[in-house]
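Chemist: Take this structure, written in structure tokens, and hold onto it; I'll ask about it next.
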Amino acid sequence: MSDLAPFWLSVQIAAMATIVIVAAGVPTAWLLARREFPGKSLVAGLLVLPIVLPPTVLGYAMLQVIGRRALVGHWLESSTGITLVFHWSGAVVAAAVAAFPLFLLPARGAFEAVDPALEDVARLLGRGELSVFLSVTLPLAWRGLAAGMVLVFARSLGDFGTTLMVAGNIPGVTQTASLAIYDAIVLGNDSARAGRLTLMISAVSIGALWVVQRTLPAGRPTR
Amino acid sequence: MSVENDGPVLDVRLSHRVHPGLALDVALSLGREVGVLFGRSGTGKTTLLRLIAGLARPESGRIQLGPETLFDSARRIDRRLRDRRVGMIFQDDRLFPHRSVAANIRFGLKGWPRAEADARSAEVAAICGVEHLLDRSPATLSGGERQRVGLARALAPRPRLLLCDEPVSALDLASRHAMLRRLRDVRRIEGIPMLYVTHGVDEAVAIGSRLFLLEGGRIVGEGSPLDVLAASRRPDNDVPIAFEGLRNVFPGQVASHAPEQNATTLRLDEGPELIVGHLDRPVGTTVLVEIRADDILLAKGPVEGLSARNQIPGIIERIVARGAEVEAVIQTLGITWIVSLVAPAVAQLVLRPGIAVHLIIKARSCHVIVPDNPTS
């Protein structure tokens, strides 16, 4: 079994999880930063839960929702034929859910840091809401969003517990680098393989962190 | 400027509770002119401006701009910000930090044909004196430059009304004058009606053709800035107006010049003469002179060998204690002055109503305000 396969799978899963997180996270973070609605603090709290729950607990909870006999999982399979569990797509969902708060928190902060007065100025100058978001809010928040993106990518890259619970550990199918390292030590006692994978994953993660460090200090828009 | 008389452009009638201690209750009509909303801080000036702009929603009332109703609580009309076509500049510049000066100015021209947008942004950049800054980032500009860019940006889409919320109060003196000059140019070239919020006497006189005096959420005086401001300082007026930092404000005329002494003598309306620093205006020019209440000394008789050039005899009318400070209201020839003193001084000099005193005023303490448009 090549080292590259689990590594490449990890990168792909992390990239897709990042896309899923950003797609769901940008509107959610904007809503939490800019709108008031009943139950807002409850929603905000629930969305941060994945950080505090043990990964196995999170994985178990997810199985109760997207498992083949669970409500959402069953409906998904019968209507579209997609089965998430024990499939790479399940690993994407698992990694995305586990890492989601790491995007949501900085993204919400980034949107909150954009002066609403600037958005009002844009409205006074004749711009509609979408235009205000695209031409003022987003460009002024992008550093925070980018930092969150890098964080969740790095976090997804190393996801272990939740992925194992939801997608299993099937070599060539759902065996990511983290799982392969575990197997190499526990089953195969192949510490050379574990070492190589560790190096590869660490290089990408540390590289990502370096990008975050470069991005964050000047994260506030210049005013 | 005959266009000033063709009926109100802006008609505002609204009630709005700002906070438990302040309720706005305002009726205001503005023609094609510059209206100044004048008053102390906390009287609701800025709130009123924000309500007109649409940045906040009034509890009840009506805002009419030209033929269009921007807001009417009875008819449930509340035009969206983007549809109001009202320009606004603020105390801080509120430029978009991620866009160049040129992109800031063009921000409100989205959807314009390119050639028209180019022409319009060049035009407003020239009026506001920022044409040499177009490629710069807002972060590299001085405070005065930023405010002028903000003005150009607000004007670009040809708003029907320009709202100015203390746009020069954060600027140094030189930038302040430059900005006020640009605003007067805007008024002259664009002919756009403006509503200008300030608590500065010189600004109000320099820019305004009509002044609305706001006190406790209500308009308590309206008219030409010189008249309203001069009247409002009289303690015998029913309307108690306390300016920030007590000031004496009097209208007067240039009476004579003494260039060798670097001095100009003003004749205050119905009042005494006052020597001030040399003023480069012809005899007969109408001015406003402003003297801080704590810049005036009191003496119980004429004083000799004094460097201050003005000694004006008067009679103490009354003495009002305000905490540690004491205000003496003093009558001189035709004019009522306010002098602020500390309590021990009052005791030491045995000041009481009916006593004759001399007001001692340095020429340098007299701040002369020359209206730009004495006809209005």
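The values are calculated or read from the model by the stated rules, or taken from the named source; none is laboratory data. Quantities reported herein were computed from a predicted structural model and do not represent experimental measurements. Note that each Cβ is placed from the backbone with ideal geometry, even for glycine, and that neighbours are counted across all protein chains shown.
Chemist: Tell me, which residue of the stretch B:40-55 that is among the polar types (S, T, N, Q) and closer than 17 Å to B:Leu28 by Cα is farthest from the other protein chains (Cβ to nearest Cβ)?
Modeler: Top of the filtered list is B:Thr43.
Chemist: Within the stretch A:131-155, can you find the residues that are among the aromatic types (Phe, Trp, Tyr), within 14 Å of chain B (Cβ to nearest Cβ) and more than 22 Å from A:Glu36 (Cβ to Cβ)?
Modeler: The answer is A:Trp142, and nothing else.
Chemist: Quick check, is A:Leu179 within 14 Å of chain B (Cβ to nearest Cβ), farther than 30 Å from B:Gly54 by Cα and either touching a helix residue (DSSP H, G or I) at 6+ places or on another chain (Cβ under 8 Å) or surrounded by 21 or more Cβ atoms within 10 Å (Cβ to Cβ) (or both)?
Modeler: No: the conditions fail for A:Leu179.
Chemist: With respect to B:Ala154, is the statement that it is surrounded by fewer than 19 Cβ atoms within 10 Å (Cβ to Cβ), within 14 Å of chain A (Cβ to nearest Cβ) and modelled with pLDDT of 95 or more true?
Modeler: Answer is no for this residue.
Chemist: Can you confirm whether A:Phe86 is more than 14 Å from every other protein chain (Cβ to nearest Cβ), closer than 15 Å to A:Ala29 by Cα, in contact with a helix residue (DSSP H, G or I) (Cβ under 8 Å, 6 or more places away or on another chain) and of a type in the set (Phe, Trp, Tyr)?
Modeler: Answer is no for this residue.
Chemist: Follow-up question, since we're still on this one. Filter the stretch A:136-166 down to the residues that are buried (at least 20 other Cβ atoms within 10 Å of the Cβ) and more than 16 Å from the chain's Cα centre (by Cα), then identify the one that is farthest from A:Ala61 (Cα to Cα).
Modeler: Among residues in the stretch A:136-166 that are buried (at least 20 other Cβ atoms within 10 Å of the Cβ) and more than 16 Å from the chain's Cα centre (by Cα), the one farthest from A:Ala61 (Cα to Cα) is A:Val136.
Chemist: If you don't mind, another one. Going by what's in this entry, would A:Thr174 be described as surrounded by 16 or more Cβ atoms within 10 Å (Cβ to Cβ), outside any helix (DSSP H, G or I) and touching a Gly at 6+ places or on another chain (Cβ under 8 Å)? Walk me through how you get there before you give the answer.
Modeler: Details: surrounded by 16 or more Cβ atoms within 10 Å (Cβ to Cβ): yes; outside any helix (DSSP H, G or I): yes; touching a Gly at 6+ places or on another chain (Cβ under 8 Å): yes.
Answer is yes for this residue.
Chemist: Which one of these is in contact with a helix residue (DSSP H, G or I) (Cβ under 9 Å, 6 or more places away or on another chain) and either within 14 Å of another protein chain (Cβ to nearest Cβ) or under 30 Å from B:Met88 (Cβ atoms) (or both): A:Gly128, A:Gly158, A:Gly59?
Modeler: Answer to the selection: A:Gly128.
Chemist: Looking for something over 28 Å from A:Gln175 (Cβ atoms), among the aliphatic types (A, V, I, L, M), in contact with a Leu (Cβ under 9 Å, 6 or more places away or on another chain) and surrounded by fewer than 19 Cβ atoms within 10 Å (Cβ to Cβ) - is there at least one such residue anywhere in the stretch A:16-28?
Modeler: no
Chemist: Those residues that are loosely packed, with under 15 Cβ neighbours inside 10 Å and β-branched (Val, Ile, Thr), I need them from the stretch B:53-71; list them, please.
Modeler: none
Chemist: Restrict the check to the stretch A:59-77 and report whether at least one residue is in contact with a Gly (Cβ under 6 Å, 6 or more places away or on another chain) and within 19 Å of A:Gly172 (Cβ to Cβ).
Modeler: no
Chemist: Let me spell it out: the conditions are (1) in a loop (DSSP other than H, G, I, E, B); (2) in contact with a helix residue (DSSP H, G or I) (Cβ under 8 Å, 6 or more places away or on another chain); (3) buried (at least 17 other Cβ atoms within 10 Å of the Cβ), and B:Leu14 meets all of them except one. Which number is the exception?
Modeler: (1)
Chemist: Follow-up question, since we're still on this one. Does the stretch A:156-170 contain any residue that is in a helix (DSSP H, G or I) and charged (D, E, K, R)?
Modeler: No - not one qualifying residue is present in the stretch A:156-170.
Chemist: Could you check A:Ala110 against (1) free of Cβ contacts under 8 Å to residues at least 60 places away in the same chain; (2) within 14 Å of chain B (Cβ to nearest Cβ); (3) crowded, with 24+ Cβ neighbours inside 10 Å and say which number it fails?
Modeler: If we test A:Ala110 against (1) free of Cβ contacts under 8 Å to residues at least 60 places away in the same chain; (2) within 14 Å of chain B (Cβ to nearest Cβ); (3) crowded, with 24+ Cβ neighbours inside 10 Å, just (1) comes out false.
Chemist: Of all residues in the stretch B:152-178 being in a strand (DSSP E or B) and within 14 Å of the chain's Cα centre (by Cα), which is nearest to B:Arg32 (Cα to Cα)?
Modeler: Looking at residues that are in a strand (DSSP E or B) and within 14 Å of the chain's Cα centre (by Cα), I get B:Leu163.
Chemist: Looking only at the stretch B:185-214, which residues are over 20 Å from B:Ser169 (Cα atoms) and acidic (Asp, Glu)?
Modeler: B:Glu190 - this is the single residue of the stretch B:185-214 that is over 20 Å from B:Ser169 (Cα atoms) and acidic (Asp, Glu).
Chemist: What is the residue count in the stretch B:311-362 for residues that are closer than 30 Å to B:Gln261 by Cβ, touching a Ser or Thr at 6+ places or on another chain (Cβ under 9 Å) and surrounded by 18 or more Cβ atoms within 10 Å (Cβ to Cβ)?
Modeler: 6
Chemist: Would you mind listing the helices (runs of 4 or more DSSP H) fully within the stretch B:56-130 where at least 2 residues are more than 10 Å from chain A (Cβ to nearest Cβ) and touching a helix residue (DSSP H, G or I) at 6+ places or on another chain (Cβ under 8 Å)?
Modeler: B:101-106, B:114-127
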